[in-house]
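Everything below concerns the one structure shown next.
Just so it is clear, none of the values below were taken in a lab; they were calculated from the coordinates. Quick caveat, the model's predicted, so the values are computed rather than measured. Heads up, the Cβs are rebuilt from the backbone with ideal geometry, glycines too, and the neighbour counts pull from every protein chain shown.
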């Protein structure tokens with residue numbers, strides 16, 4: 001007898017048949033006596049179809065009108081899911097973001113949720129109804145339709161769970177949980193039973209794209225227990241929680257994350273004077289290029305080497321900007337490399353364990369993998385290596401930190 | 001410098017290219033200095049696509065959820081049209097039915113408009129913006145999405161024009177006006193410059209389906225000048241107005257309407273006692289069968305023949321019901337015919353002209369067309385004839401009342 005907020009993504013509701021399957025699943029939860037609030041995405045492909053219509057008219061359409069347009073995608077799903085529930089004799093009622101209402105700021109296409117009115121949903125739950133809410137969308141104070149940006153349905157789910165003080169927010173997706181690393185790279189990658197919000201954030205931002213980052217931050221902030229499960233396969237999934245396991249049981253490292261999409265740029269021989277970092281990164285940021293890792297070393301000759309990574313798509317653009325800056329700064333040279341990969345070990349356990357980083361470096365050295373860049377946070381160590389060593393590095397680290405199962409995971 | 005409310009139907013906004021063409025048209029009106037409020041339908045085919053999704057789940061889905069579903073159709077169009085306007089440098093803002101807000105009763109799928117809040121639209125118009133409103137939809141007092149039923153976008157246009165006290169409500173459609181009769185039947189059918197609301201109602205209900213009846217009633221009630229025009233062809237269209245022309249200029253008959261969809265049923269030898277009509281029609285109405293013409297004659301033997309017409313699709317159902325009633329009433333026989341057609345002459349001019357009906361009967365007699373049933377109203381005379389004579393009857397009446405042009409209408 002719990003209150004669950006469940007979120008079903010675009011693939012899970014991609015066809016009428018899959019919507020019927022979701023309704024079957026909800027029926028089982030309902031029969032177990034649980035109260036259900038369900039947030040859904042647009043049917044897969046629908047959002048792209050709508051964006052295609054807009055782009056046939058304009059390359060850069062008004063964000064306000066884009067929100068009016070794409071918010072119809074989820075609105076279709078909520079109606080269809082309610083019909084599928086009603087067909088099964090389950091009372092259900094759908095709400096758009098504005099109907100709930102999910103109040104957001106006015107930043108169209110990337111709005112943030114400010115408040116959720118739970119009164120109407122509470123009334124429906126008390127009347128025994130399943131509440132079906134359009135994910136990804138809200139309404140601003142002036143009544144304009146807003147969207148939370150792509151993937152924002154996760155955030156809707158978490159925000160609903162927080163507002164309703166739900167027992168758990170369950171995100172149904174096409175993977176059955178969070179793994180120690182990508183099973184396509186490491187065959188015996190293991191599904192994690194539990195992971196902390198902080199670890200999940202590091203895993204997500206590093207390329208294990210199971211959940212939208214903002215939804216995890218939100219869940220962490222409001223302490224909403226969050227569970228990732230598969231829509232297509234029964235199983236307990238992975239629980240993302242604030243509770244840290246006792247250190248004895250807790251493995252030092254929870255997972256290995258990696259990212260192939262980055263490129264590295266270095267300005268060499270920069271005069272070592274205050275304000276250099278912002279003079280380099282200011283124009284990069286002005287050009288809307290996002291910077292990930294930043295490393296700076298003092299060289300012997302009173303100059304410094306300044307290195308950072310950007311998305312590979314921004315590499316050429318960033319390099320051009322850098323050449324101009326380097327000239328102005330009197331720096332020696334700009335060098336870059338877009339054949340790199342970032343590999344990170346993540347785990348709250350490393351807080352209380354010394355030597356985690358050196359164990360990582362040892363494992364890589366054993367395979368003769370050269371480390372080009374290092375960056376660390378409290379629960380993460382990231383290295384940049386040549387892209388060709390990526391799989392080798394991930395496998396050797398997975399094994400060095402004993403993350404594999406005894407028996408191999410079957411497909 | 002007028003305020004126009006314009007309505008574009010599904011065919012007019014059926015593709016991105018057609019939406020661009022509508023934007024071009026609006027741009028011209030804007031450049032002439034007019035204020036514009038535009039009501040649009042869903043892109044043609046979209047509403048049927050959505051209904052198809054619903055019916056894949058349930059034959060008879062909840063009306064509330066159907067409204068949530070199908071209202072997305074117009075929401076897509078308003079966003080795309082605003083984008084097309086903005087691309088042309090025209091400021092525009094879209095509103096769904098709930099955003100405007102168009103307050104309706106709670107009769108889902110056939111809601112009636114109760115009130116329209118014009119404040120926000122007035123603000124937009126003052127700021128020089130084109131206001132684009134989703135037709136066909138509204139919101140009830142509890143915030144539930146409602147729709148006005150199919151074809152309801154015309155009603156939205158008229159209701160907006162009434163609320164805003166617009167100079168004219170212009171309904172853009174795929175025909176370029178109201179004709180004296182169907183040009184597919186009579187080659188020299190003529191476009192009418194003007195027609196009264198009453199005539200239009202008689203024409204519409206008799207099968208000249210240019211405008212949704214309810215929108216004409218609404219326009220008549222609130223005295224909104226209504227103009228039907230073509231989206232695809234420039235021209236003045238037909239103005240539907242309360243002003244009657246001076247009798248001298250006014251033709252006696254405005255048009256010939258006809259309908260092939262009816263069937264006729266007669267209960268013969270009904271005892272001529274009070275209450276018979278309701279005992280016959282009560283069960284028909286209870287079975288949700290709509291009755292059109294009703295004629296009753298007293299026969300010589302103190303019994304009466306009771307005849308009425310129904311939609312051809314309801315013929316068999318109605319006949320079965322009638323046989324039961326006839327037995328109870330002690331009537332002699334039930335006879336029917338579904339190979340009939342109804343032809344009507346319509347015109348406010350006949351009010352002040354005697355002999356219009358006899359001129360009609362003469363014209364039909366000249367062609368040896370037998371009249372099976374006659375029914376008259378103040379501005380209309382309808383006859384039922386054998387279906388095979390329909391075209392002949394329409395052509396001879398069109399000619400008898402001098403409705404044709406001197407030069408033939410080109411296609």
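I'd like the per residue volume of the convex hull spanned by the Cα atoms of region A:354-405, given in cubic angstrom.
Dividing the Cα hull volume of region A:354-405 by its residue count gives 79 Å³.
Spin-label point model (7 Å from Cα, Cβ direction): what's the residue B:365 to residue A:114 distance in nm?
Result: 7.9 nm between the two label points.
Among B:215, B:231, A:230, what is the fewest-to-most ranking by other Cβ atoms within 10 Å?
A:230, B:231, B:215
So for the protein assembly as shown: antiparallel DSSP bridges make up what percent, rounded to the nearest 5?
60
As a test of the formula, what do you get for the protein assembly as shown when each DSSP H run with n ≥ 4 contributes -39,500 (n - 2.57) and the sum is divided by the residue count, at 222 nm and rounded to the nearest 500 deg cm²/dmol?
Per the formula, -11000 deg cm²/dmol.
Put a point 7 Å out from Cα along the line to Cβ at residue A:217; what are the distances to that point in the other copies, in nm, shortest first?
So the label point of residue A:217 gives 5.5 nm to the other copies.
Antiparallel DSSP bridges in region A:3-174: what percent, to the nearest 5?
DSSP beta bridges in region A:3-174 are roughly 25 percent antiparallel.
Along its three principal axes, how long is region B:98-228 when you only count alpha carbons? Whole Å, largest extent first please.
Cα spread of region B:98-228 along its principal axes, largest to smallest: 50, 34, 23 Å.
With axes computed from alpha carbons, what is the tilt in degrees of helix A:46-57 against the longest principal axis of chain A, rounded to the nearest 10 within 0 to 90?
For helix A:46-57, the angle is close to 70 degrees.
May I ask you to derive the relative contact order of chain B, considering only C-alpha pairs under 8 Å and at least 6 residues apart, and to give it as an integer percent?
Dividing the mean separation by the residue count of chain B yields 14 percent.
Need one number: the % of Cα-Cα pairs in region A:1-41 sitting beyond the 17 Å mark.
When all Cα pairs of region A:1-41 are counted, 27 percent exceed 17 Å.
Where the centroid of each part is defined by its Cα atoms, how far is region B:154-223 from region B:1-55 in Å?
18
Return the FRET efficiency for the residue pair residue A:3, residue B:59: r is the Cβ-Cβ distance, R0 is 45 Å, and the value is rounded to the nearest 0.05.
0.85
Can you list the copy-to-copy distances for residue A:88, using a point 7 angstrom from Cα toward Cβ, in nanometres, shortest first?
4.9
Among B:311, B:108, B:398, determine the one that fluctuates most according to a GNM of chain B built with springs between C-alpha atoms less than 10 Å apart.
B:311
Once the Cα atoms of region A:275-387 are picked out, what are the Rg and Dmax in Å?
Computed over the Cα atoms of region A:275-387, radius of gyration and Dmax are 15.9, 45 Å.
At residue A:105, label 7 Å along Cα→Cβ: distances to the other copies, nm, ascending?
4.5
Mind listing P(r) for chain A? All alpha-carbon pairs, 20 Å bins, whole percents.
So the P(r) values, bin by bin, are 24, 50, 24, 2.
What distance in nm separates the simple spin-label points at residue A:88 and residue B:233, each placed 7 Å from Cα in the Cβ direction?
5.4
Distance in nm between label sites at residue A:141 and residue B:290, each 7 Å beyond Cα in the beta-carbon direction?
Using points 7 Å along Cα→Cβ, the separation is 4.9 nm.
With bins 5 Å wide starting at 0, give me the P(r) of region B:68-115 over every alpha carbon pair, in whole percents.
Percent of pairs per bin, in order: 5, 19, 21, 22, 15, 10, 6, 2.
When DSSP beta bridges are limited to those with both residues in chain A, what percentage is antiparallel, rounded to the nearest 5?
60
Provide Rg over Rh for region B:108-154; use the alpha carbon set for both Rg and the Kirkwood Rh (inverse mean inverse pair distance).
1.04
Over the protein assembly as shown, consider all pairs of different Cα atoms and compute the Kirkwood hydrodynamic radius from their mean reciprocal separation; express it in Å, one decimal.
The Cα-based Kirkwood calculation yields 31.6 Å.
Over all distinct Cα pairs, what is the inverse of the mean 1/r for region B:11-70, reported as the Kirkwood hydrodynamic radius in Å?
This gives a value of 13.7 Å.
With a 10 Å Cβ neighbour count serving as the proxy for reagent exposure, in which order, fewest first, do B:36, B:148 appear?
In order of increasing Cβ crowding within 10 Å: B:36, B:148.
What order do you get for B:387, A:333, A:31 when you list them from fewest to most C-beta neighbours inside 10 Å?
A:31, A:333, B:387
Name the chain B residue with the Cβ nearest the axis that maps B onto A: which is it, and what is the distance in angstrom?
Chain B residue with minimal Cβ-axis distance: B:72, 2.
Take region A:32-130, compute every pairwise Cα distance, and split them into 10 Å bins from 0; I just need the percent in each bin.
Going from the shortest bin to the longest, the percentages are 14, 39, 31, 14, 3.
Above 21 angstrom, tally the Cα pairs of region A:3-174 and express them as a % of all pairs, no decimals.
42
Please find, in a Gaussian network model of chain A (springs between Cα atoms separated by less than 10 Å), the residue of A:234, A:188, A:314 whose mean-square fluctuation is greatest.
The residue with the greatest mean-square fluctuation here is A:234.
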